[in-house]
Structures are given as C-alpha cells and as structure tokens.
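Q: First the structure, then my questions, so here it is.
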C-alpha cells in the first residue's frame, strides 16, 4: 500500500466528543452566548491537525493535562494554565499542546466533515511543525492577549496555520457550527511575536 502524500489535514471534533460533562458544559456555554448575542445556538467544534511527511505523521492538538493516558512521549511542546494562572500550578488546571509523532486523535471517529486538506505542499508542512514550539500560551478561557476572544484549542490551530503562511481566515467549521477561539489565534499571530528559542526543523 502506498503511503499517504505530504499534507496538512484539519479535523473538526464536536466539543466534548466522548465526554458527556464537557459536552453538556459546552451546550450551556453556547446557550448563554446565543442568548446574549440574540442568535440561535449552534454546534461547537474543537480542531486538531494531522501533518504528514511520509513515512511519518504528527498530531497537533491542545488537550487537558489531566486527560493524558498511558506513558510515552506525546510530543508535548508547551503547557499553559486553564482558567487562571494561579490555578495552573495544579495539573488539573493545565493544558498541553502536542506535536505527537505517530500519535492519534481521541474520538476521531466522531469528526464532522473531516479531514479537510489544507495543503499538500511539503515545505508548508515543515513550517507548521517548526512553528509550534513558539505558540503563545495565554490562560485558556481568558483573553490575555486582548484579541477580543478567549484563547483555546482552536486558537492554537489557527495561529499555527496562519504563522505557516496558510489562509486560516478562510477556514470555516462545518455548516451550522462555530469554532470559538479561532479568531483569537489569527489576531495573536498578526499582533504578537513570540520567541521560545531555536525552532526545530522536521526532516
């Protein structure tokens, strides 16, 4: 069997897929937002990427630290606090950003209208991977970077795509859905410059 060609694929996962508590909280959050904004409630989505450079592939995703299962290297490139910086002292209130070689996306079977091929350009694939160690790490659920929207997993995805030269502003979630935090990553990429040292190259 031939290996898949190089590319960056985007997956849209329903918020809380596989976890009833997160799903319920997400619905409450969206119901409140819809009421305040005087609009109909929509489905909420969490994003993840799979970057392929045959024969290897990497999963790029933000997940809670407490949700990590098993041992081994999950390709964690950085961590941040959830809710408030002081809460981040506990692993139950931290998130981690993965660039996981050979990894997998939990609940990928629940993905909607996915995968979305964003590029098949090998050089762009390498740029996506190389930029991740310098991704901003503001508090999840807050707007520390003054982007006008809270920072979350979608912010990481959109930041990485935009930083790599892809038109992340043109990306849309599945019909009838929203991806909260997406614009925060775009604004952060345009207005903030972060340097975490040497950028790794993936070959």
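Q: Using 0.36 nm per residue, how much length does the chain from residue 104 to residue 120 gain when fully extended, once their Cα-Cα distance is taken away?
A: 3.8 nm
Q: Multiplying the sequence separation of residue 175 and residue 85 by 0.36 nm and subtracting their Cα-Cα distance, what value in nm do you get?
A: Contour length minus Cα-Cα distance gives 28.9 nm.
Q: Once you have a ≥ b ≥ c as the square roots of the Cα gyration tensor eigenvalues for the stretch 79-203, tell me rounded if a/c is under 1.5, and otherwise prolate or oblate according to whether a/b is larger than b/c.
A: rounded
Bear in mind that the values in this text are calculations on the coordinates, not laboratory data. All figures in this text were calculated on a predicted structure; none of them were measured in a lab.
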